[in-house]
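Student: Following this message is one structure expressed as structure tokens.
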Amino acid sequence: MPDPDLSIPHGRIFAGRTALVTGGSRGIGRACCLKLAQAGARVAVNYRSDEAAARETAQLIEAAGAESLIVQADVSLPDEVDRMVAQINDRIGPVDLLVNNAGVFDFVSHAQTTLEIWRRTLEVNLTGTFLVTWAVKDGMVARRFGRIVNVSSISALEPRPMSIAYAASKAGVVAFTKSIAAALAEFNVRANAVAPGLIETEILEGVEAAALERIIAATPLKRIGTPDEVAAAVLFLLSEESSFMTGQTIVTCGGRVMRP
């Protein structure tokens, strides 16, 4: 899939701001990094293992005229998260804009859902979102400015018998987002979420072709979404265009799920 068009103008609305995107080396994370770069932010690209992909994202950020930093960390491990945030603070400044995007996914039946899959999914998708948020929130509170977007999924909104652990983790992300939005609102820290449907990312590799066909057939727009479309919703929630929104979840799924 081609990378998003770097020529799309967004203005420099995030000039002077530092952004962190977890799982930023590819897919939705990469698209978010590029949107933020186009909008003038300094962008820290978190990755767990694929350094080459993270460097590619950094090169695209710099091609858009923004400063980049790649930072390795497994978001489920507190020590690594603390080290990552310290590196960002030292190199490009404290985090003003946070996108919790890192995640894992298994398309498996209930019989195949092991305790190992359950724990790993919850640790990365939900605990990781908590750990990274907690590593930056005190600075946001002290500066009385922060914008957080957590990437959930439509799996959080409807039954998903072939991704039970994933659905549970993403439902937790929605609840976490609402709760921190209420807790941090008085400090001018807003938190919202996006809930994508089927998107053209590496996650599709774990979904059978017949299942993909059924999902597309059940989608009113009759297609798979793109990372750039999700990133556009993320950018909106990070920007002051959404200044009266906090604790909300924007569903980006081609109409497959409609709320309320």
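Student: Could you list, in sequence order, the residues of the range 146-169 that are farther than 25 Å from Ala41 by Cα and either free of Cβ contacts under 8 Å to residues at least 12 places away in the same chain or touching a Leu at 6+ places or on another chain (Cβ under 8 Å) (or both)?
Tutor: Matches in the range 146-169: Pro159, Arg160, Ala165, Ala168, Ser169.
Student: Anything in the range 1-48 that is under 16 Å from Ile203 (Cβ atoms) and at pLDDT below 95? List them, or say none.
Tutor: Passing the criteria: only Met1.
Student: Can I ask one more? Being surrounded by 14 or more Cβ atoms within 10 Å (Cβ to Cβ), assigned to a helix (DSSP H, G or I) and touching a Pro at 6+ places or on another chain (Cβ under 9 Å) is the requirement here; does Val251 meet it?
Tutor: No.
Student: Another question, if that's okay. Give me the pairs, please: first residue somewhere in the range 99-114 and in contact (Cβ under 8 Å) with a residue 24 or more places away in the chain and surrounded by 18 or more Cβ atoms within 10 Å (Cβ to Cβ), second residue anywhere and assigned to a loop (DSSP other than H, G, I, E, B) and of a type in the set (D, E, K, R), beta-carbon distance under 8 Å, and either six or more positions apart or on two chains.
Tutor: Here the result reads Ala102/Arg48; Thr113/Asp106, each pair linking the range 99-114 to a residue that is assigned to a loop (DSSP other than H, G, I, E, B) and of a type in the set (D, E, K, R).
Residues are listed down the side, and each one gets a yes or a no for (1) under 19 Å from the mean Cα position of the chain (by Cα); (2) part of a loop (DSSP other than H, G, I, E, B):
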position: Asp106; (1), (2): yes, yes
position: Glu123; (1), (2): yes, no
position: Ala142; (1), (2): no, no
position: Glu158; (1), (2): no, yes
position: Val173; (1), (2): yes, no
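Student: Hey, another quick one. Scan the range 36-61 for residues that are outside any loop (DSSP other than H, G, I, E, B) and either closer than 23 Å to Asn89 by Cβ or touching a strand residue (DSSP E or B) at 6+ places or on another chain (Cβ under 6 Å) (or both) and report the count.
Tutor: 14
Student: Right, another one. Return a yes/no flag: does the range 76-94 have any residue that is assigned to a loop (DSSP other than H, G, I, E, B), under 27 Å from Glu240 (Cα atoms) and either among the small types (Gly, Ala, Ser) or touching a helix residue (DSSP H, G or I) at 6+ places or on another chain (Cβ under 7 Å) (or both). Spell out the reasoning first.
Tutor: Narrowing the range 76-94 to residues assigned to a loop (DSSP other than H, G, I, E, B): 76-77, 92-94.
Next, only the ones that are under 27 Å from Glu240 (Cα atoms) stay: 92-94.
If we keep only those that are either among the small types (Gly, Ala, Ser) or touching a helix residue (DSSP H, G or I) at 6+ places or on another chain (Cβ under 7 Å) (or both) too, we end up with 93-94.
The answer is yes, given that some residue of the range 76-94 is assigned to a loop (DSSP other than H, G, I, E, B), under 27 Å from Glu240 (Cα atoms) and either among the small types (Gly, Ala, Ser) or touching a helix residue (DSSP H, G or I) at 6+ places or on another chain (Cβ under 7 Å) (or both).
Quick grid of which residues meet (1) without any contact (Cβ under 8 Å) to a residue 40 or more places away in the chain; (2) out of contact with any helix residue (DSSP H, G or I) (no Cβ under 9 Å at 6 or more places or on another chain); (3) acidic (Asp, Glu); (4) outside any loop (DSSP other than H, G, I, E, B):
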{"position": "Ala211", "(1), (2), (3), (4)": "no, yes, no, yes"}
{"position": "Arg214", "(1), (2), (3), (4)": "yes, yes, no, yes"}
{"position": "Glu229", "(1), (2), (3), (4)": "yes, no, yes, yes"}
{"position": "Phe236", "(1), (2), (3), (4)": "yes, no, no, yes"}
{"position": "Arg256", "(1), (2), (3), (4)": "no, no, no, no"}
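Student: Can I ask one more? Based on this model, can you work out whether Ile224 counts as modelled with pLDDT under 90 and farther than 30 Å from Glu186 by Cα?
Tutor: no
The values are calculated or read from the model by the stated rules, or taken from the named source; none is laboratory data. If you're wondering where the values come from, they're calculated on a predicted model, not measured in any experiment. Glycine also receives a Cβ, built like all others from the backbone with ideal geometry; neighbour counts cover every protein chain displayed.
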